[in-house]
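Notes to accompany the following structure.
The values are calculated or read from the model by the stated rules, or taken from the named source; none is laboratory data. Values in this document were obtained by computation on a predicted structure and should not be read as measured data. Because the Cβ atoms are built from the backbone with ideal geometry, glycine has one as well, and the counts that use them run over all protein chains shown. Accessible surface is based on the protein model in full, side chains and every heavy atom, while ligands, DNA and RNA are left aside. Shrake-Rupley method; radii C 1.70, N 1.55, O 1.52, S 1.80 Å.
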Amino acid sequence: MALIVFSGFALFDAAVRREDAYRAADKKTKPFWLIILGIAFVVNLLFPILSFLPIIGLIATIVYMVDVRPAIRALPGGGRSQRGSSSDGPYGPWNGGR
């Protein structure tokens, strides 16, 4: 049960991070990690812990949690998608020439 929760949390965390944050942190791509962590989650649901497949999934989840996630969180904004106002331009908020 703990492996399912752990891999589910990692999958959710990977899903809410911005795609460009993965490239900025030089940690593969978001789809790559979503596929790996999704497979790990499904394997943990289907196979008992004594099988070797959940152990491989656990290793992938640990790699994400101790290597990829901290690198993405260290980026400005923590790698989470941020919604700006409708007046935000490509270089920041537009103040109307003031």
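Some observations on this one:
- Scanning the range 39-64 for residues that are surrounded by fewer than 17 Cβ atoms within 10 Å (Cβ to Cβ) and touching a residue at least 24 places away in the same chain (Cβ under 8 Å) gives Leu45, Ile49.
- Within the range 23-32, the presence of a residue that is modelled with pLDDT of 85 or more, under 12 Å from the mean Cα position of the chain (by Cα), of a type in the set (Gly, Ala, Ser) and surrounded by fewer than 17 Cβ atoms within 10 Å (Cβ to Cβ) is excluded.
- The lone criterion from (1) over 17 Å from Val63 (Cα atoms); (2) at pLDDT 90 or above left unmet by Phe47 is number (2).
- Pairs meeting the criteria (first residue in the range 18-36 and over 16 Å from Val63 (Cβ atoms), second residue open to solvent by less than 50 Å² (accessible area, probe 1.4 Å), beta carbons under 6 Å, at least 6 apart or on different chains) are Arg18/Gly79; Glu19/Lys30; Ala21/Ile72; Ala21/Leu75; Ala21/Gly79; Ala24/Leu75.
- Selection within the range 5-17 - open to solvent by 40 Å² or more (accessible area, probe 1.4 Å), more than 9 Å from the chain's Cα centre (by Cα) and touching a residue at least 12 places away in the same chain (Cβ under 8 Å): Phe6
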